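The block underneath contains the structure these notes are about, expressed in structure tokens.
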Amino acid sequence: MTNAAFSKRDLAVLWHPCTQMHDHEQFPLIPIKSAKGVWLEDFDGNRYLDAISSWWVNLFGHANPYINAALKTQLDTLEHVIFAGFTHQAAIDLAEKLVQVTPEGLSRCFYADNGSSAVEVALKMSFHSWQNTGQIQKTKFVTLENSYHGETLGALAVGDVALYKKTYAPLLMDVLTAPSPDCYFREENESWAAYSARQFAKLDALLAHHAHEICAVIIEPLVQCAGGMRMYDPIYLTLLRRACDKYAIHLIADEIAVGFGRTGTLFACEQAAISPDFLCLSKGLTGGYLPLSAVLTTQSLYQTFYDDYAKQKAFLHSHSYTGNALACQAALATLDLFERHHVIDANMVLSATMAKLSQRFLNHPHVADVRQTGMIVAIELVKHRPSRTPYPWQERRGMQVYHYALKKGVLLRPLGNVIYFMPPYVITEDELVMMFDVAWHAVLHATT
Ligand code: PMP
């Protein structure tokens, strides 16, 4: 079978995520036959370096031998079992491990099966917890401009990317939205920390004014990923934690994208030395193998639900695949790999190489910003550099980068006019060189 043959069958029956299917009349779909490490291979024998970790999920390469072996053993033992009234070893081991590696104070783990549903769980738990403790006037959530938390209606409501949200606005709950700490907008010569702290003052004012009706603030720590890999300083999180304590508001840290080493530390919150009240994890949790998510919370929050059944305080939320044994085992193997290979330390070398290789873009006449947080590098293309005027979205410059890079064997998937790199941690120095080189030529191609 060839690419064309699979593509034809696919397009006859499938509907792909986040895609205008009409585009595929012009741009071919790429059927993948197999994958190994950072490489994907299609049915025509072309290879693509997965520079975006297949939507930010893959950490240790495709078909990783260690994760594969763990999964095969689990498969022969227990694939899945109902998680209400029943439990199993992989789920317990993983919860113990997550409690151990996440910021202090998070000692309870609730499983769901994808990022959006983890966000729904955290929102519902926060609201419900206030209800259970008699604070029934607390019904609102605070979010930041340009944030993204998923596609289900609750998660979409607390996000702020118009492209995904606008159409559904009449269906969504009202939220309070504060300005983003996004350092792309800092003044010339202003430090990230100064700008982030300055932006925080606006959130602080909003919290002070609405505290009595606010359940929680939800935030993507350090990097607003889907919003264009926009970055900010940890000081913002430190100040936010303090304010949430002061005003009795929960802090929900959505580390679905930034968790598991992406920002340079295992969790982004570590860089601000804070613990949230809820920590949402998914994506890299299973090394990119299987859908699973987890919401970590504190013992005191857990206690607000813990009572006689008749008091009707229980959290009656469920997903059929909660605590799936295969997914939990993939996650355990993934966390093992972090320890065995001292991945956080090793990634410092990789991120230094990424910093070096991205320097070349700094002087490009259509690049307004080159930014990095740990293992994430982003390059902002603009039409006019001095005024930072963006390219009109209709020109789809990012798409041009995407198609050019694919032909040269690299899978980049720009967010609008932002080209970014978020590779699996098993990428080699040579592969990094190739990845940045292809991106450079793709940018030259798309900006002329
Ligand atoms: N939160 C963040 C920060 C994300 O980046 C994403 C996915 N891009 C989600 C939530 C939603 O996760 P999922 O796609 O698994 O529903």
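Tabulated values for the structure
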quantity: For peptides 3-16, 66-79, sequence by mean Cβ density within 10 Å, most packed first; calculated: 66-79, 3-16
quantity: Cα-projected label distance for Tyr309 with Ala273, points at 7 Å along beta-carbon direction, nm; calculated: 4.7 nm
quantity: Exceeding the 19 Å Cα-Cα cut-off - candidates Lys165/Lys283; Lys33/Lys407; Lys166/Lys202; calculated: Lys165/Lys283; Lys166/Lys202
quantity: Relative contact order computed over the range 163-316 (Cα-Cα under 8 Å; 6+ residues apart), in percent; calculated: 17 percent
quantity: Accessible area per residue in Å² at 1.4 Å probe, computed on the chain; calculated: 45 Å²
quantity: P(r) histogram, all alpha-carbon pairs of the range 191-238 included - 10 Å bins from 0, percent; calculated: 24, 48, 26, 1
quantity: Stokes-Einstein diffusion coefficient of the range 404-448, Kirkwood radius over Cα pairs, 37 °C, 0.692 mPa s, in µm²/s; calculated: 299 µm²/s
quantity: Reciprocal of mean inverse Cα separation for the chain (Kirkwood radius, Å); calculated: 22.9 Å
quantity: Packing-based ranking, highest mean first, of 144-155, 236-247 given that Cβ atoms within 10 Å are counted; calculated: 144-155, 236-247
quantity: Sites Ala346 and Thr139, calculated FRET efficiency, Cβ-Cβ separation with R0 45 Å, nearest 0.05; calculated: 0.50
quantity: With every protein chain in place, the range 318-379: carbon and sulfur % of accessible area (1.4 Å); calculated: 55 percent
quantity: Heavy atoms of Met21 accessible to a 1.4 Å probe, total area in Å² rounded to 10; calculated: 50 Å²
quantity: Length-normalised contact order of the chain in % [C-alpha pairs under 8 Å, at least 6 apart]; calculated: 20 percent
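The values are calculated or read from the model by the stated rules, or taken from the named source; none is laboratory data. Every value quoted in this text rests on a predicted model; they were computed, and no experiment measured them. Cβ atoms come from the backbone with ideal geometry, glycine included; neighbour counts cover every protein chain shown. These area figures cover heavy atoms from the full protein model, side chains too; ligands, DNA and RNA do not enter into them. Shrake-Rupley method; radii C 1.70, N 1.55, O 1.52, S 1.80 Å.
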